[in-house]
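Below: one structure, written as structure tokens.
Nothing in this text is a laboratory measurement; each read-out follows from the coordinates by a stated rule. Computed from a prediction, not measured in an experiment: that's the story for all the values here. Note that each Cβ is placed from the backbone with ideal geometry, even for glycine, and that neighbours are counted across all protein chains shown.
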Ligand code: ISE
């Protein structure tokens, strides 16, 4: 069996997780090198997994013993790394967001089309979650009619100190933006954000929390997304789709129900890495096997671009509350 030899760019929290996942769980892939501007991060992974440290990102992407690249560095550095992979003809898995501006996302799309073959997969792991896959199957069967309304909630117990109002879109709702686009297979046409009073657990001048985001699609579906990143009680992802003939709800993570002291309790997840751990594993299995076949099977650079354009429209509405139009244009034949 062929082994996919990978360099991981960025060995912070998520990069480390991916290195461990590849080294500990995957038979047909191996991390051969790590590159991080933080030398301690790279050293930690070199010590633990025996991978070589490569300080020069451009050189390691082009290295002959590197078949593919995982980009998991600081978000604003994604675009440069991904563009370099395309220039070197190397398949690349890029954590979300693909880039922090829609212009950079468009540049990636244009570079990939000019190269002539798909190389980029974006890390929208929800598409590999069992519950979301079940929703996709049910919706695709059309057994319950067309979707009309989608209610989502994305709640984090708390977030880091540098997380500001726009992160609620770029870092958090970006998952729903992609997942719902994929689930209902429809194009977004407008975005609006409604901001109620903020929780006392945040500094409202820096982070407005919670927020209600509303998206509309070309076929008339209305999607509401509650983002509440200081909900305190746990990590909670909800998605309910109202179709013409049925209401379909994302399954809850499964925990035993405990009866004790006149209470019936069921645990909740507390952390996104745990909630989606299986999805990440399946996502990487799929990325490695499709890369070895010379294909891109998961979310493409075009999906990354659509998410970025939609996210920018939501962020524009955060300050005014107004409805902002979304125009991504027609999906190019290359990505159809
Ligand atoms: C984080 O970056 C993620 O990707 C998590 O899934 C999300 O729940 C969290 O809000 C983000 O900051």
Using only the alpha-carbon atoms, how far is helix 102-115 inclined from the longest principal axis of the chain? Give it as 0 to 90 degrees, nearest 10.
50 degrees
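Per 0.36 nm of contour for each residue apart, how much would the distance between residue 260 and residue 194 grow if the chain were fully extended, relative to their Cα-Cα spacing? If you can, show how the numbers build up before the last one.
Working: separation 66, 0.36 × 66 = 23.76 nm, distance 4.01 nm.
Full extension from residue 260 to residue 194 adds 19.7 nm.
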What is the Å³ per residue value for the convex hull set by the Cα atoms of segment 110-253?
145 Å³
For helix 301-320, what angle does its Cα long axis make with the longest principal axis of the chain, in degrees from 0 to 90 and rounded to 10?
50 degrees
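Quickly rank 51-60, 12-21, 302-311 as a protection proxy: mean count of other C-beta atoms within 10 Å, highest first.
Working: 51-60: 16.2, 12-21: 17.8, 302-311: 25.5.
Sorting 51-60, 12-21, 302-311 by mean packing, highest first, produces 302-311, 12-21, 51-60.
Rounded to whole Å and ordered largest first, report the semi-axes of the equivalent ellipsoid of the chain derived from its Cα gyration tensor (root of 5λ). Mind dumping the intermediate values first?
Details: eigenvalues 205, 115, 89 Å².
Those come to 32, 24, 21 Å.
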Given N residues in segment 138-188, what is its alpha carbon radius of gyration divided by 2.2 N^0.38 Å?
1.46
With angles folded into 0 to 90 degrees, how steeply does helix 277-292 sit against the dominant principal axis of the chain? Use alpha carbons for both and round to 10.
40 degrees
In percent, what relative contact order does the chain have, based on Cα pairs under 8 Å that are 6 or more apart in sequence?
19 percent
What does the extension gain come out to for residue 115 and residue 335, with contour length at 0.36 nm per residue minus their alpha carbon separation?
77.9 nm
Using the C-alpha gyration tensor of segment 103-184, what are the square roots of 5 times its eigenvalues, in whole angstrom, with the largest one first?
25, 23, 11
